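Input: a single structure, listed below in structure tokens.
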Amino acid sequence: MHLETKEKESRPWVKNAAIIFLSVMLVLTFFSKTIRNLSLTEVSGQYIQAGTISTAVTGTGTVSANVAYHVQLDATRTIQEVLVSVGDEIEAGQTLFILEETENTELAEAEQTLSDLLYNYNLLLIQNVDASYASENQNIQSIREDLANALTVQSQAEELEAAYTAAKTTAEQAQSLADELNNTIADLEGEITLATAQDSVLAELNAQLTEAQKAQSEAEAALTVCQAQTTAAQAAVAISLSAAAETLTQARQTLESLELELSYLQEDYQALLSDDDTDEATLTEALRAVERQQLAVSNQQTVVAEAQSQYDTAAAQNEAVTAAQEAEAAAQTVLEEKTAQVTALENSIEEREAELTTDLQLQLTTAQAALASAQARLSQAQSELSVASSNYTTTVTAANASVTSLQQSLEAALAALSEQQQADSVSAQVADLELAQAKEALEAQEALAEELTEAGVMTEVTAQYAGTVSEVDVIAGDIVAAGQTLAPVNVEGKEYSLTISVTEEQAQKVSVGDVETVTNYVYGDIEVVLSSIQSDPDNPGKYKLLEFAVSGDVADGQSLSVSIGTTSESYDAVIPKSAVHEDSNGTYIYVASAKTTPLGTRYVVSRAAVIVEASDTVNATVTLDSADSDYVITTSAAPITEGEQVRLTSE
């Protein structure tokens, strides 16, 4: 009775614990999706859709005048008053600046020049002509002494003629002996040729040698053919065997890959089959994938068998190589036999020729030795003759030339002295002419100084052309140096130019002659035309400078924004440009693919390779191997990687 009561008291506790456990599991199951999603990276994006890409190129630049002139001064002056401002339209001859009165620098320069001319005039008055002729007489005496020395050398040079004549005689005798020995050697060689030509035994040996050499050439040709056949057979076997081996290896690798993929598909099918929530369509598609992969494996097994058969056939071709090698060895043996026959006949011919011409050969050897000795003596005699000839010719030629040159110099010096003496007689007349010219220059400079004194100093700066003042670079009180610009003036009626920098890709979208649109200018009539496309010197290879001709109601320094080559085109696959990424493997996008699980829909990141066909500042049109329903990721709360699960912003 007591035990029954105790058991009844413990049952409510067990019941309450079971209820609490089941409630907790229910809550965890209900909120599992929310808890899981909170830990995933949040991403946003959009689906691929049709859209429009604008290819317009835009840019902003500053207008500059094509023709301008700078108002400048010729001397350093001080500005007293500025009469114009930036943007003023002026007329030719209009006064622009008032200058302070100052000293006339041109007058000072003219007076300095006058002083220099007066000094030169006085210097000419006191110059005298030196007519002593001491230096001329000393030069003539020196030339006469040199001429006497040259005549002495010329007379001594004749003594070298005897040495030259003796050397010439010795050389001629040595040449005569060498010619005689050459004739003797030619006669002996003729006798040897005649003795060998009339011998019947030697004729028969030469005939046999000709036949043996012919046979040797034929054996060499046959060996060359066999070697080529062996090389070709070896190359054919090597190529076919290598190709067959490579084909077999690739076929086996492909089979292994297909079999591995089949095992993955079978595992996926078994997993879906054991999952009660799997719908019939998904299960059927998985089974069809397994069957397609099994067919691919069976077909590849047939390919592997065919590759193995081709490899075995190529390996069997080694027999052709062996046969070619045996034929080459046989041809080599025949060639060696023919070569031995040729060598034996050549030795026999040499022995027979020695028997027939021993005495003649001894005489020939003696004559050849004598000729060598005679040629050595001839070479020495010719060398001595060359030295004697050089000494004789050089010395005589130099002496004759020296005598001639000194004679001419002496005559010239005497003639020059005579001319100088005649010229000195008129030196006074020349001095008078120089003084007259100096006096005329002095009087002209005095007149110029008087004219500048009367003219005074410029006090106003006027405009050279009509136009518009683009800048005023001075104020009253400034001291302006010669050549410094007071104000640049844009000449009236001239065009303006505008330059902007764009990328190489943007530059390819426009052409010279395009008429552009101004986007920030609504007043007046203005026309902008693309006049040239040039490389940007600040960033060559990446940027281009577009230069425009601007005409109409514009001013120098005005900022204009232009739109160039504005065109739009519709495309089927347009995504935000921010979704396109690029690395060393190419251009790609991230796609969030939906995947159904027992706990709900999950989104997995996958990488898809794309080709960007066109783009503007916002969107890009791409080509990719992906379904239109894929959700393209444009932004993410944190860096993402392929295969990672993510949470969409709308969840």
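By accessible area, using a 1.4 Å probe on protein heavy atoms only, the range 529-598 has 45% of its surface on carbon and sulfur. Note on exposure: TYR47, TYR590 ranked by accessible area (1.4 Å probe, complete protein assembly) read TYR47, TYR590, with the most exposed listed first. Approximating the spin labels as points 7 Å out from Cα along Cα→Cβ, the ASP312-to-GLU434 distance works out to 12.0 nm. Computed over the range 200-312, the P(r) curve from all C-alpha pair distances, binned at 5 Å from the origin, holds 2, 11, 10, 9, 8, 7, 7, 6, 5, 5, 4, 4, 4, 3, 3, 3, 2, 2, 2, 1, 1, 1, 0, 0 percent per bin.
Taking Cβ atoms as reference points and 14 Å as the exclusive limit, the residues near TYR264 contribute a net charge of -4, counting Lys and Arg as +1 and Asp and Glu as -1. Put simply, when 198-204, 604-610 are sorted by average Cβ atoms within 10 angstrom per residue, most first, you get 604-610, 198-204.
Rg and Dmax of the range 166-238, both derived from C-alpha coordinates alone, stand at 26.6, 82 Å. The H on the amide N of ARG602, modeled in the peptide plane, is under 5 Å from the matching H of LYS595, THR596, THR597, each at least 5 residues off or on a different chain.
Spin-label model, ALA609/ALA305: points 7 Å from Cα along the beta carbon direction are separated by 3.5 nm.
The values are calculated or read from the model by the stated rules, or taken from the named source; none is laboratory data. Source: prediction; values computed, not measured. A quick note on method: Cβ atoms are made from the backbone with ideal geometry, for glycine too, and the neighbour counts reach across all protein chains shown. All accessible areas refer to the heavy atoms of the entire protein, side chains included, with ligands and DNA or RNA removed. Shrake-Rupley method; radii C 1.70, N 1.55, O 1.52, S 1.80 Å.
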